[in-house]
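Some notes on the structure that comes next.
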Amino acid sequence: MHRPGEMRERALDVTVAEGYGNAVIGVREGAQVHLDVRLESLHDGILVSADVDTIALGECVRCLDDVSLPIEVEIQELFAYSVDEAFDYTVVGDHVDLEPLVRDAVVMSLPFQPVCRPDCPGLDPETGERLADFPDRKPREVIDPRWSALAGLQLTEQDVEGSAVADAAAADREKRS
Ligand SMILES: [Zn+2]
């Protein structure tokens, strides 16, 4: 502290005490987070740069299979010596608390819709089976529920024949009258 130009590097392995993320995807309690940290003394405070490595666990939003996602993020933030609205973080005592910084960076890097693989075909809409287990199954045409009411209006072949007969009968009556 207060020695501009000095620099320290540290490798840290931290066990996550409280998980990051949400139920679908996140770094779970007890997970390991590896940090390669560089601390540089500046006039205003301590500049912290770090590479963060960890594993997020969750489930595929399409097929609900478990997903294990390596997370690599870089962070850089100045921890100011004095409380100043220009800086979000301050040196407290002679410490910098990296936890909120790491948490925010990791959470921001999590995908909104994690998938087990980019082309995951998901679940069969009728049977609920994982389509990846049945690569030969032909994808069925799934009717958008908003249009499904119209499916009931589709004419069957019989209807068409019936109406053709009715039309013919009507034409017949017209001819006779
Ligand atoms: Zn999947």
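The values are calculated or read from the model by the stated rules, or taken from the named source; none is laboratory data. Because the structure is predicted, anything quoted here is derived from the model rather than measured. For neighbour counting, all protein chains shown are included, and Cβ atoms are generated from backbone atoms with ideal geometry for every residue, glycine included.
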### Message
Can you tell me which residue is nearest to the ligand (Cβ to nearest atom) among those in region 36-82 that are part of a strand (DSSP E or B) and in contact with a helix residue (DSSP H, G or I) (Cβ under 7 Å, 6 or more places away or on another chain)?
### Response
I71
### Task
Tell me, please, whether a residue that is within 37 Å of the chain's Cα centre (by Cα), over 30 Å from Y81 (Cα atoms) and either among the aromatic types (F, W, Y) or modelled with pLDDT of 70 or more (or both) can be found in region 144-156.
yes
### Task
Write out, first by first residue and then by second, each pair whose Cβ atoms fall under 7 Å of each other, whose residues are 6+ apart or on separate chains, and whose first residue, in region 104-133, is touching a residue at least 60 places away in the same chain (Cβ under 8 Å) and more than 9 Å from the ligand (Cβ to nearest atom) while the second is polar (S, T, N, Q) and not in a loop (DSSP other than H, G, I, E, B).
V106/T54
### Task
Out of L78, L69, report the one residue that is touching a strand residue (DSSP E or B) at 6+ places or on another chain (Cβ under 7 Å) and closer than 19 Å to N22 by Cβ.
L69
## Note on the structure
The condition of being more than 26 Å from G30 (Cβ to Cβ), surrounded by 15 or more Cβ atoms within 10 Å (Cβ to Cβ) and in contact with a strand residue (DSSP E or B) (Cβ under 8 Å, 6 or more places away or on another chain) holds, among L123, L57, L98, only for L123
### Message
Please determine whether any residue of region 94-117 is among the polar types (S, T, N, Q), out of contact with any Lys or Arg (no Cβ under 8 Å at 6 or more places or on another chain) and in a loop (DSSP other than H, G, I, E, B).
### Response
yes
### Query
Got at least one residue in region 8-29 being crowded, with 17+ Cβ neighbours inside 10 Å, at pLDDT below 95 and part of a strand (DSSP E or B)?
yes
### Task
May I ask you to verify whether E9 is touching a residue at least 12 places away in the same chain (Cβ under 8 Å), more than 30 Å from D124 (Cβ to Cβ), under 19 Å from the mean Cα position of the chain (by Cα) and more than 16 Å from the ligand (Cβ to nearest atom)?
no
